[in-house]
Amino acid sequence: MNKNKHLIVIAGPTAVGKTDLCLEIAKELNTEIISADSRQIYKELNVGTAKPSAEELQKVKHYFISNKSIHDFYTAGMFELDVLELLENIFRERDTILMTGGSGLYINAVCKGIDALPRVEKEIRSDLIKQYEKEGIESLRYSLQKLDPASYRTMDLKNPKRILKALEITIQTGRPYSSFLTRQSKKRPFNIHKTGLMRERDELYDRINKRVDQMLEKGLEAEAKQLFRYKHLNPLDTVGYKEFFEYFEGKISREEAIRLIKRNSRRYAKRQITWFSKDQEIKWFHPEQKEEIKSYIKKQISTC
RNA sequence: GGAGCCAUAGCUCAGUCGGUAGAGCAACGGACUGAAAAUCCGUGUGUCCCUGGUUCAAUUCCAGGUGGCUCCA
């Protein structure tokens, strides 16, 4: 453990005000920002992901924004490795760096680690998806019970994505998925200080609704239209885009699409809150408590 | 001034021939070690406008009040 190196995490639900505050703190600490956001990573996704503006990106160096394509396959596990590698380089030159974002799994992958899993061949995944589509989740459950009974016992058997994951690893390696999981949290060679931003629910929802209106003004619909042909790609399974796709397909009205974007963003925020509130290491603040946050961070850095 | 209609969940409304009530939307709670802005699970949250009356029992029937809407003046 290097006592002089610090990763400052600033987590929080969507639209709480992470971007503005982090820019300010980064400037104050004369450092840079690592984004932990599973959608801002993609260069094709802009308006709908509320990325920092070009101007803001110029003021403070950001990592993991627009550095992947929606055609790439990317996961939390890859994010862990990429960030650790980056941190090794960054910490040669500076002692402190910020990491901010709303993707709880990504943040955990960096802070606690995630068990290493092998890469899965495309055909295995697509075959399993075909099996799911043709024969339903029952069929997946049956396969799992046969191939990895340990996972079958502990897993949420109503969640197709979970079963699919376990099966693809098991089939790829010939070893049960459960045998890869140690669930041990990894030690990091640097200090981690977690803070979180939170607002009253009403206040947060109001900001979400308004931000969606702003996205529309900035051209969300045009962006979605351009990406419509890629709607089958996972990164496009995202609030703000998928609702517009439904509209383009004539399934819902434009008005309804906008209503659903707002609602789904609110629900997303709720899920983030549930995830983050489980993390006892997070010290919570209201985004307007700027001075308190800054002094808290400085204190954390100096007392370590 | 007179008459009629309405008042039930956050919203729009259904319902109870008298036995304390439900649907859509919204909301709320949770799970989550690799697609995570994803995926999955769970939950009616209620002075049935108020006050009396009738009744074993009133959100339901009756009367009055209050508020809203409409019509006649």
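The values are calculated or read from the model by the stated rules, or taken from the named source; none is laboratory data. Given the structure is predicted, the values throughout are model-derived calculations rather than measurements. Here the Cβ is made from the backbone with ideal geometry for all residues, glycine too, and neighbour counts use every protein chain on show. Heads up: the accessible areas ignore ligands, DNA and RNA and are worked out on the full protein's heavy atoms, side chains in. Shrake-Rupley method; radii C 1.70, N 1.55, O 1.52, S 1.80 Å.
Descriptive notes on the structure:
- Residue ID - farthest from RNA strand B (Cβ to nearest atom), chosen from residues in region A:84-116 that are assigned to a loop (DSSP other than H, G, I, E, B) and more than 19 Å from the chain's Cα centre (by Cα): A:ASP95
- Summed over region A:253-287, the residues that are over 21 Å from A:SER38 (Cβ atoms), part of a helix (DSSP H, G or I) and among the small types (Gly, Ala, Ser) give a count of 1.
- Taking the conditions (1) closer than 30 Å to A:PHE228 by Cα; (2) free of Cβ contacts under 8 Å to residues at least 24 places away in the same chain in turn, A:LEU81 satisfies each one other than (1).
- Taken over region A:137-162, the criterion of being within 27 Å of the chain's Cα centre (by Cα) and buried (at least 18 other Cβ atoms within 10 Å of the Cβ) is satisfied by A:LEU140, A:SER151, A:TYR152, A:MET155.
- Condition check for A:LYS134 on (1) open to solvent by 20 Å² or more (accessible area, probe 1.4 Å); (2) of a type outside the set (Val, Ile, Thr); (3) within 30 Å of A:LYS187 (Cβ to Cβ): one failure, at (3).
- Flag: A:SER139 does not match the condition of being free of Cβ contacts under 8 Å to residues at least 24 places away in the same chain, within 11 Å of RNA strand B (Cβ to nearest atom) and farther than 29 Å from A:ASP279 by Cα.
- Selection status of A:THR238, open to solvent by less than 60 Å² (accessible area, probe 1.4 Å) and at pLDDT 95 or above: yes
- Inclusion of A:GLY48 among residues that are of a type in the set (Gly, Ala, Ser) and within 27 Å of A:ASN191 (Cβ to Cβ) is not warranted.
- Tally, over region A:38-68, of residues that are open to solvent by less than 30 Å² (accessible area, probe 1.4 Å) and within 13 Å of RNA strand B (Cβ to nearest atom): 11
- Answer from A:LYS130, A:LYS122, A:LYS165 - the residue that is of a type in the set (Lys, Arg), under 25 Å from the mean Cα position of the chain (by Cα) and more than 29 Å from A:LEU7 (Cβ to Cβ): A:LYS122
- A:GLU221 meets all of the listed conditions (1) within 12 Å of RNA strand B (Cβ to nearest atom); (2) in contact with a Phe, Trp or Tyr (Cβ under 7 Å, 6 or more places away or on another chain) but one, namely (1).
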